[in-house]
1. Assuming Gly135 fulfils every condition listed in (1) in contact with a strand residue (DSSP E or B) (Cβ under 9 Å, 6 or more places away or on another chain); (2) surrounded by fewer than 24 Cβ atoms within 10 Å (Cβ to Cβ) apart from one, which condition is it?
2. Could you please tell me which pairs satisfy a Cβ distance under 7 Å, a separation of 6+ or placement on different chains, a first residue in the stretch 433-456 that is at negative phi, and a second residue that is aromatic (Phe, Trp, Tyr)?
3. Look at Leu380 and say whether it is hydrophobic (A, V, I, L, M, F, W, C), outside any helix (DSSP H, G or I), under 29 Å from Ile130 (Cα atoms) and at pLDDT 85 or above.
4. Tell me, please, whether a residue that is of a type in the set (A, V, I, L, M, F, W, C) and over 22 Å from Ile346 (Cα atoms) can be found in the stretch 125-135.
5. What residue, of Ser272, Ser230, Ser172, is at pLDDT below 90 and surrounded by 21 or more Cβ atoms within 10 Å (Cβ to Cβ)?
6. Exactly one of (1) without any contact (Cβ under 8 Å) to a residue 40 or more places away in the chain; (2) closer than 24 Å to Ala203 by Cβ; (3) surrounded by 18 or more Cβ atoms within 10 Å (Cβ to Cβ) is unmet by Pro257. Its number?
7. Among the residues of the stretch 213-220, is there at least one that is buried (at least 16 other Cβ atoms within 10 Å of the Cβ), of a type outside the set (Asp, Glu) and farther than 21 Å from Thr371 by Cβ?
Amino acid sequence: MYAARPLVGVGISLAFVTIATLAALILTGGEPGSLAVVAAAAFGAYMALNIGANDVANNMGPAVGARALPMLGAIAIAAVCESAGALLAGGDVVRTIAHDIVDPATVTDKMVFVRGMLAALLASSVWINIATWIGAPVSTTHAVVGGVVGAGVVSVGAAAVNWSTVGLIAASWTFSPLLGALVAVAMLAFIEWRIVQVEDKIAAARRWVPLLIGLMAGAFTTYLSDRALSHLVDIPFAQSLLAGVVVGCVTSAIAVPFVRNQSAGLENRNRSLKTLFRLPLVASAALLSFAHGANDVANAVGPLAAVVYVQTHAPTTGDVAMPLWVLLIGALGISFGLVLFGPKLIGMVGSQITKLNPMRAYCVALSTAVTVIAASGAGLPVSSTHIAVGSVFGVGFFREWYQNHRSRTQQRARKDTRTMAPQERTRRRLVRRSHFLTIVAAWVITVPAAALLAAINVWLLQQVAF
């Protein structure tokens, strides 16, 4: 039993992929092109499992690392919220990734399009699986984009690829984690300045925590209405922003008596402040999971929906209808992947990069929502994965800088001119450099690695005359 335990997740995953494949076979009923749909269903189920294993860790990792949620509780909440987001707001209409990356006018052969989608889906799935195995949270969107680029170059030529869009995505490797880190640092510095470092911490918390809760509520209202619910209702960004402001103000007013009651009888010390951030942190993690399920389900089953669609329509259309059974594969696959393989990445993001408490984790969640909203309003392509992990690193490096700054200030006050030994400086680091280098390297090579795998897959599919 002990030796076979690691194979249980693999066995359940294979059973899920098999069931998804059989369901596609039954629903297509042996119609022309059904083999492509069946293969796409298998690859889409595999992709959904990998998204659940890798990407969801960014939402629940900080809450688990801050001990606001136990691992099992985080997995349960994330599984429910991811599935709800995928099924309720996952989209009746999905814009195919190929429409933005590859010029649709160059794809005139239906089978060329189908091979490209299958190759891209399998390549991105394999790369995310590798990244999960080495313990690196990567962007599933970037993996799918890389797969489409590689498939497009081999299938229809490099001239068909929209390289300006690819360039913007590549640029987001740099500015999205940095922007997330800066926002998280600004939030944490504000909490340190206005709450933690004041004499009466409880009174300061009663003044500022409701405003931070309102800011979170407003940010998520804007985020959900502009990104997650855009598939159901066409809401202009200005109206989403206005709705966020209204909800934020109302929530902040409601939070005033809540924070007052929570803080009654608490001692005037830092440990008491963590209690006030625990419930808002859990709520923000659940909302992040809902939004993630609504947005990233298209990465798993968008190509599958495209393959299903082109059996009866032209492959160059921009919008693709999302059948319910396709959406269901994505929702269940993400949940199964999270439950079976998610704890590894959740633990790494939550506790192995740097030590988090509810206040720091709240800054990470708030930074992720605010940064995505700002980028969405500016029309910039960003990765929520990069922003969330960048925020964790930003919080860690800020704590490291703040600790060193305070130590130097105390040393100057004592007129101590001794310098710290390099070994002691290394020992006091609050961010693990090995994880930092591994994750950054995985981010940099995600698109080219997925593109190379997709190119190989296209060549193999051509050889078997698929």
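1. That leaves (1) as the condition not met.
2. Within 7 Å, the pairs are Phe436/Phe393; Trp443/Trp173; Val444/Trp173; Thr446/Trp127; Ala449/Trp127; Ala450/Trp127; Leu453/Trp127.
3. So Leu380 does not fit the description; no.
4. no
5. Checking each option against the conditions leaves just Ser172.
6. Result: Pro257 fails condition (3) only.
7. Looking through the stretch 213-220, none of the residues is buried (at least 16 other Cβ atoms within 10 Å of the Cβ), of a type outside the set (Asp, Glu) and farther than 21 Å from Thr371 by Cβ.
Listed here are the residues, each with its yes/no results for (1) surrounded by fewer than 16 Cβ atoms within 10 Å (Cβ to Cβ); (2) closer than 22 Å to Leu287 by Cα; (3) at pLDDT below 85; (4) touching a helix residue (DSSP H, G or I) at 6+ places or on another chain (Cβ under 8 Å).
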site: Thr354; (1), (2), (3), (4): no, no, no, yes
site: Arg360; (1), (2), (3), (4): no, yes, no, yes
site: Thr385; (1), (2), (3), (4): no, yes, yes, yes
site: Val389; (1), (2), (3), (4): no, yes, no, yes
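The values are calculated or read from the model by the stated rules, or taken from the named source; none is laboratory data. These numbers were taken from a predicted model, which means no experiment stands behind them. Cβ coordinates were reconstructed from backbone atoms using ideal geometry, including for glycine residues, and neighbour counts include every protein chain displayed.
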